[in-house]
Amino acid sequence: MSARIAVVGAGMAAARFAQQLAEHGADAEVTLYGGEPVAPYNRALVADVLTGLHRPADLALPTGEARVRTGNEVVALDVAGRTLRLADGSEEPYDDVVLATGANPVLPPLRGLFGPDGGLRPGLHALRSLADCARIAADAATARR
């Protein structure tokens, strides 16, 4: 029976891990779990989507034979029971788990950067994901000089 490998995260590291396992012929059923609504993509090129150099589809990363579960992040890990709980409440069994959760943008502690709710103030953006790219493009389309 193939090992069930759950990868928590569906970014560049997760995609590379899955691709390498496939290339080395591992006897494993690999599933990537990510909160974003899209399959793994090359974050290093996200800014090029804004400039028009690339389309979002151009950024797709290979994941070998892995199953990719998008839009449903892992919210709990039961190590003893070897199960993951997903945001939708479902549970998934695993034999081994890999944590490839990526990083968040590091924002400087500048006065006025954050609103009372702790989020960035309107008109301020961090660029990390395709969703960030879409928000920046939407704001830029209505921006005034």
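Just so it is clear, none of the values below were taken in a lab; they were calculated from the coordinates. Since the model is a prediction, treat every value here as computed from it, not as a measurement. All Cβ positions, glycine included, derive from the backbone under ideal geometry; neighbour counts span all protein chains shown.
Some notes on this structure:
- Residue with peak Gaussian network fluctuation, the chain [Cα springs, cutoff 10 Å], from VAL74, VAL106, VAL46: VAL106
- GNM flexibility winner over the chain from THR63, THR51, THR31 (Cα, springs under 10 Å): THR51
- Sorted from longest to shortest, the spans of the Cα atoms of the chain along the three principal axes equal 62, 36, 25 Å.
- Shown here for the stretch 25-85: trypsin sites (Lys or Arg not before Pro) in loop regions (DSSP other than H, G, I, E, B) with at most 10 other Cβ atoms within 10 Å, of which there are none.
- When both bridge partners sit in the stretch 3-104, DSSP labels roughly 40% of those beta bridges antiparallel.
- Projecting the Cα atoms of ALA18, GLY119, THR70 onto the charge dipole of the chain (Cβ charges, centred on the Cα centre) puts GLY119 farthest toward the positive pole.
- With both labels modelled 7 Å from their Cα along Cα-to-Cβ, the LEU53 to THR83 distance reads 4.7 nm.
- Dipole magnitude (debye, nearest 20) for the stretch 49-145, charges at Cβ of Lys, Arg, Asp, Glu: 760
- Between GLU91, GLU36, GLU73, the GNM of the chain built on Cα springs shorter than 10 angstrom shows GLU91 fluctuating the most.
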